[in-house]
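Trainee: Dropping a structure here in structure tokens format, bear with me for questions.
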Amino acid sequence: MSSIWDIIIVGGGPGGLSAAMYGARSKLRTLLIEKAKTGGQAASTQDMENYPGFAKGTTGPALMQAFADHATSFGAEIMRNEVVSIDAAQKIVHCKDGSQYQGHTIILSPGAIPRTLGVRGEQALRGKGVSYCATCDADFFTDLDIVVLGNGDAAIEESHYLTKFANSVTIVVIHDEGVLDAAPMLQERAFKNPKINFIWNSTIQEIKGDGIVEGVVLRNIKTNETTELETNGVFIYIGTIPLTDFIKGQVNLDSRGYIITDERMETSAEGVFAAGDARVTYLRQVVTAAADGAVAAVAAEKYIIEEEGFAESVLHESRPVAVAFWTPMIPKCIEIMPVIETAIAAYGTQAKLWKLDTYRNQRVAKRYGVVEQPTVLFFHQGVVVNRLVEDEITPAAIKGILDSIL
Amino acid sequence: MFEVHKDNFDQEVLQAPGLVVVDFWGPKCEKCLALMPDFERLAEQYGDKAKFCKLDTSGNRRLAIAQKVMGLPVIAFYKGGEKIAELGPSECTALTIEAKIQEHI
């Protein structure tokens, strides 16, 4: 391991690329590791109509190339490798080829992959008419009849795209007639499209074909009746699953495997942040992933400054250090600060005062169990040797503690 | 690396002696483009033991479908005019392709 990076980003979709751009622009040594081509799922979405500023639309691959170019233009390094595990405490990522990299912080943006249905024929006929990527495979279905399973934004949007190629697109929907989960604007367009048909209250029970898709067995979930439908292709859009197996046990995940973060994108592990589709979040779009990446990078930068500042000024200081936890929002803090300053100043260069605004740096306050402000912690050789809270803070008490240390 | 298409597929792939490895790809398939450098590296490494071809499916849709390829990327292995193995969209990586090459040369 040659050197320590400021930020190591795992995953090169829009969340990771945005974090890389923000990190590099702040002059942080930023490494992004991506196992394939950058762009993530967004790079396999052809029509991109909802990224702000692109009213006439752009394409997923074009937008993602612009994201990557933007990040590297500020000096972010993009490396092709696959991260297989991380050590959240040491901030080390381990790659498939045996190499490892250490950072002051890690940003996890591993993304998600399409969920598979898990029915007979699905796995065997993948690439033989079963597809999860209209952009990749639409060409093959020119003038053919295809089936789409699902009814969310992706299913309806991609069905519309597929009608530019296919003879007909039949969307199999699990809900009652007329009910779709997709956004109203997408629904309206699908209902108006003469090439799109719907089959309601149904799901796919089996995909049939000898070497190539020939049909599907549909099951009506209300009547349990099954029917066969001839088709040349099946596109499955039933949501995604997060690619978080490699970080299990290192950061907290929810029951479905999504990474839990706070509003600063920090995970359960200090200094480890997350962005994008693999995070527990309300909306999974390019714009939200990009926003996550910005927040994560700025939070990571702050983490580095706080941790380095505290370590240098307090933990590695040979003299005793009085750390005053205060916040200008509490009048008592403003009142008592001159008292503390005078009491410490009396020791000249023998002791040192370090003021810590708890509003700006909650992390250190939390670590040392500081709940009331003002609180003064006395550090010597990296450890807390004494503490004074609120009314206990008097010139005499400060003098007593410092004298005992010295 | 041979560029194969509907007019030379028979001659360059089916009638060629020894192992022929064909990369079915398309210009809109990001995964295909990402895989291409690996495939080219393998073509250089094993070029004396097998023949490596690229097939752009965008202009050769019927040929691809006739080869039972309806999704990308696919790496197919031919010997004596027969398809003997195949790696589909969820399977093909540099590692799996190399393992298959070693299995069949």
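The values are calculated or read from the model by the stated rules, or taken from the named source; none is laboratory data. Small disclaimer: the values here were computed from a predicted structure and weren't measured. With ideal geometry, Cβ positions are generated from the backbone for all residues, glycine too; neighbour counts draw on all protein chains shown.
Trainee: Restricting region B:81-99 to residues that are touching a residue at least 40 places away in the same chain (Cβ under 8 Å) and of a type outside the set (A, V, I, L, M, F, W, C), which is farthest from the other protein chains (Cβ to nearest Cβ)?
Mentor: Within region B:81-99, the first condition is being touching a residue at least 40 places away in the same chain (Cβ under 8 Å), and the residues that meet it are B:81, B:89, B:92-94, B:97-98.
Narrowing the set further to residues that are of a type outside the set (A, V, I, L, M, F, W, C) leaves B:81, B:89, B:93, B:98.
Values: B:Gly81: 17, B:Pro89: 5, B:Thr93: 9, B:Glu98: 14 Å.
Result: B:Gly81.
Trainee: Moving on to the next point. Go through B:Phe2, B:Phe39 for me and flag whichever is at pLDDT 95 or above and in contact with a strand residue (DSSP E or B) (Cβ under 8 Å, 6 or more places away or on another chain).
Mentor: On the way: B:Phe2 fails: at pLDDT 95 or above.
The unique qualifying residue is B:Phe39.
Trainee: Out of all the residues in region A:234-263, which are over 30 Å from A:Lys208 (Cα atoms) and not in a loop (DSSP other than H, G, I, E, B)?
Mentor: A:Asp245, A:Phe246, A:Ile247, A:Lys248, A:Val251, A:Leu253, A:Ile259 - these are the residues of region A:234-263 that are over 30 Å from A:Lys208 (Cα atoms) and not in a loop (DSSP other than H, G, I, E, B).
Trainee: If you don't mind, another one. Kindly indicate whether A:Asn201 is touching a Ser or Thr at 6+ places or on another chain (Cβ under 7 Å) and assigned by TED's automatic domain parsing to the domain that holds A:Phe141.
Mentor: On the way: touching a Ser or Thr at 6+ places or on another chain (Cβ under 7 Å): no; assigned by TED's automatic domain parsing to the domain that holds A:Phe141: yes.
Criteria not met by A:Asn201.
Trainee: Residue under question is A:Leu32, and the condition is that it be part of a loop (DSSP other than H, G, I, E, B), assigned by TED's automatic domain parsing to the domain that holds A:Ser268, more than 19 Å from A:Arg284 (Cβ to Cβ) and touching a strand residue (DSSP E or B) at 6+ places or on another chain (Cβ under 6 Å); does it hold? Reasoning before the result, please.
Mentor: Working: part of a loop (DSSP other than H, G, I, E, B): no; assigned by TED's automatic domain parsing to the domain that holds A:Ser268: yes; more than 19 Å from A:Arg284 (Cβ to Cβ): yes; touching a strand residue (DSSP E or B) at 6+ places or on another chain (Cβ under 6 Å): yes.
The answer is no for A:Leu32.
Table: residues versus (1) aromatic (Phe, Trp, Tyr); (2) surrounded by 15 or more Cβ atoms within 10 Å (Cβ to Cβ).
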{"position": "B:Gly47", "(1), (2)": "no, no"}
{"position": "B:Asn60", "(1), (2)": "no, yes"}
{"position": "B:Val69", "(1), (2)": "no, yes"}
{"position": "B:Phe77", "(1), (2)": "yes, yes"}
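Trainee: Continuing with this model, one more query. Just give me the residues in region A:309-326 being of a type in the set (D, E, K, R) and either surrounded by 15 or more Cβ atoms within 10 Å (Cβ to Cβ) or touching a residue at least 12 places away in the same chain (Cβ under 8 Å) (or both), in sequence order.
Mentor: Step one: of region A:309-326, the residues of a type in the set (D, E, K, R) are A:312, A:317, A:319.
Residues satisfying the conditions are A:Glu317, A:Arg319.
Trainee: Being outside any strand (DSSP E or B) and away from chain B (no Cβ under 14 Å) is the filter; apply it to region A:202-233 and report the residue that is surrounded by the most Cβ atoms within 10 Å (Cβ to Cβ). First the steps, then the outcome.
Mentor: Within region A:202-233, the subset outside any strand (DSSP E or B) is A:210-212, A:221-225, A:231-232.
Checking which are away from chain B (no Cβ under 14 Å) leaves us with A:221-225.
Values: A:Ile221: 13, A:Lys222: 10, A:Thr223: 9, A:Asn224: 7, A:Glu225: 11.
By that ranking, first place goes to A:Ile221.
Trainee: For region A:1-34, which residues satisfy the criterion of being more than 11 Å from A:Glu77 (Cα to Cα) and among the polar types (S, T, N, Q)?
Mentor: Hits for region A:1-34 are A:Ser2, A:Ser3, A:Ser18, A:Ser26.
Trainee: If a residue must be among the aromatic types (Phe, Trp, Tyr) and in a loop (DSSP other than H, G, I, E, B), how many such residues does region A:353-379 contain? First the steps, then the outcome.
Mentor: Kept after step one, since they are among the aromatic types (Phe, Trp, Tyr), are these residues of region A:353-379: A:354, A:359, A:368, A:378-379.
Subsequent filtering for residues that are in a loop (DSSP other than H, G, I, E, B) retains A:359, A:368.
Matching residues across region A:353-379 total 2.
Trainee: Could you go through region B:9-23 and let me know if any residue there is in contact with an Asp or Glu (Cβ under 7 Å, 6 or more places away or on another chain) and modelled with pLDDT of 95 or more. Spell out how you get there, then give the answer.
Mentor: Start the filter on region B:9-23 by keeping residues that are in contact with an Asp or Glu (Cβ under 7 Å, 6 or more places away or on another chain), which leaves none.
The answer is no; no qualifying residue exists.
Trainee: Among what's in region A:40-53 and is at pLDDT below 90 and assigned to a loop (DSSP other than H, G, I, E, B), pick the residue that is surrounded by the most Cβ atoms within 10 Å (Cβ to Cβ).
Mentor: Top of the filtered list is A:Thr45.
Trainee: Turning to a different aspect of this structure: Taking the conditions exactly as written (within 30 Å of A:Glu177 (Cα to Cα), without any contact (Cβ under 8 Å) to a residue 24 or more places away in the chain, outside the structural domain of A:Ala138 (by TED's automatic domain parsing) and crowded, with 16+ Cβ neighbours inside 10 Å), does A:Thr281 satisfy them or not?
Mentor: Working: within 30 Å of A:Glu177 (Cα to Cα): yes; without any contact (Cβ under 8 Å) to a residue 24 or more places away in the chain: yes; outside the structural domain of A:Ala138 (by TED's automatic domain parsing): yes; crowded, with 16+ Cβ neighbours inside 10 Å: yes.
Judged against the criteria, A:Thr281 is a match.
Trainee: Shifting gears a bit: Going through region A:30-73 one residue at a time, which ones are farther than 25 Å from A:Ala155 by Cβ and away from every other protein chain (no Cβ under 14 Å)?
Mentor: Hits for region A:30-73 are A:Thr30, A:Leu31, A:Leu32, A:Ile33, A:Gly53, A:Ala66, A:Asp69, A:His70, A:Ala71, A:Thr72, A:Ser73.
Here's the yes/no breakdown for (1) in a loop (DSSP other than H, G, I, E, B); (2) buried (at least 21 other Cβ atoms within 10 Å of the Cβ):
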position: A:Asp139; (1), (2): no, no
position: A:Asp143; (1), (2): yes, no
position: A:Val148; (1), (2): no, yes
position: A:Asn151; (1), (2): yes, yes
position: A:Glu158; (1), (2): no, yes
position: A:Ile171; (1), (2): no, yes
position: A:His175; (1), (2): yes, no
position: A:Gly178; (1), (2): yes, no
position: A:Met185; (1), (2): no, no
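Trainee: For region A:364-383, which positions are out of contact with any Pro (no Cβ under 8 Å at 6 or more places or on another chain) and either modelled with pLDDT of 95 or more or buried (at least 17 other Cβ atoms within 10 Å of the Cβ) (or both)?
Mentor: Let us first name the residues in region A:364-383 that are out of contact with any Pro (no Cβ under 8 Å at 6 or more places or on another chain), namely A:364-377, A:381-383.
Within region A:364-383, A:Val364, A:Ala365, A:Val370, A:Gln373, A:Pro374, A:Thr375, A:Val376, A:Leu377 qualify.
Trainee: Hey, any hits in region B:9-29 for a residue that's under 26 Å from A:Lys35 (Cα atoms) and in contact (Cβ under 8 Å) with a residue 60 or more places away in the chain? Write out each step before concluding.
Mentor: Quick first cut of region B:9-29, residues under 26 Å from A:Lys35 (Cα atoms) only: B:21-29.
Going one step further and asking which of them are in contact (Cβ under 8 Å) with a residue 60 or more places away in the chain, we end up with B:21.
So far as region B:9-29 goes, yes, one or more of its residues are under 26 Å from A:Lys35 (Cα atoms) and in contact (Cβ under 8 Å) with a residue 60 or more places away in the chain.
Trainee: Restricting attention to region A:340-352, does a residue exist that is closer than 22 Å to A:Lys302 by Cα and either under 33 Å from the mean Cα position of the chain (by Cα) or outside any helix (DSSP H, G or I) (or both)?
Mentor: Within region A:340-352, the first condition is being closer than 22 Å to A:Lys302 by Cα, and the residues that meet it are none.
No, the conditions are met nowhere in region A:340-352.
Trainee: Here's something else I'd like to know. Quick check on A:Ile334: is it within 44 Å of the chain's Cα centre (by Cα) and not assigned by TED's automatic domain parsing to the domain that holds A:Glu263? Lay out the reasoning, then the answer.
Mentor: Numbers: within 44 Å of the chain's Cα centre (by Cα): yes; not assigned by TED's automatic domain parsing to the domain that holds A:Glu263: yes.
Yes: the conditions hold for A:Ile334.
Trainee: So A:Gln102 passes all but one of these: (1) within 9 Å of another protein chain (Cβ to nearest Cβ); (2) modelled with pLDDT of 95 or more. Which condition number does it fail?
Mentor: It fails just one condition, (1).
Trainee: What about B:Val21, is it more than 14 Å from chain A (Cβ to nearest Cβ), of a type outside the set (S, T, N, Q) and crowded, with 22+ Cβ neighbours inside 10 Å? Before the answer, list the steps.
Mentor: Details: more than 14 Å from chain A (Cβ to nearest Cβ): yes; of a type outside the set (S, T, N, Q): yes; crowded, with 22+ Cβ neighbours inside 10 Å: yes.
So B:Val21 fits the description; yes.
Trainee: Among the residues of region B:46-78, which ones are part of a strand (DSSP E or B), more than 14 Å from chain A (Cβ to nearest Cβ) and in contact with a Gly (Cβ under 7 Å, 6 or more places away or on another chain)? Lay out the reasoning, then the answer.
Mentor: Just the residues of region B:46-78 that are part of a strand (DSSP E or B), to begin with: B:51-56, B:74-78.
Cutting the leftovers down to more than 14 Å from chain A (Cβ to nearest Cβ) gives us B:51-54, B:77-78.
Matches in region B:46-78: B:Lys51 only.
Trainee: Another one. Among the strands (runs of 3 or more DSSP E) confined wholly to region A:54-134, which include 2 or more residues that are crowded, with 21+ Cβ neighbours inside 10 Å, in contact (Cβ under 8 Å) with a residue 24 or more places away in the chain and of a type in the set (Val, Ile, Thr)? Show your work before the answer.
Mentor: Values: elements: A:77-80, A:83-87, A:92-95, A:100-108, A:112-114.
Counting at least 2 such residues, we get A:83-87, A:100-108.
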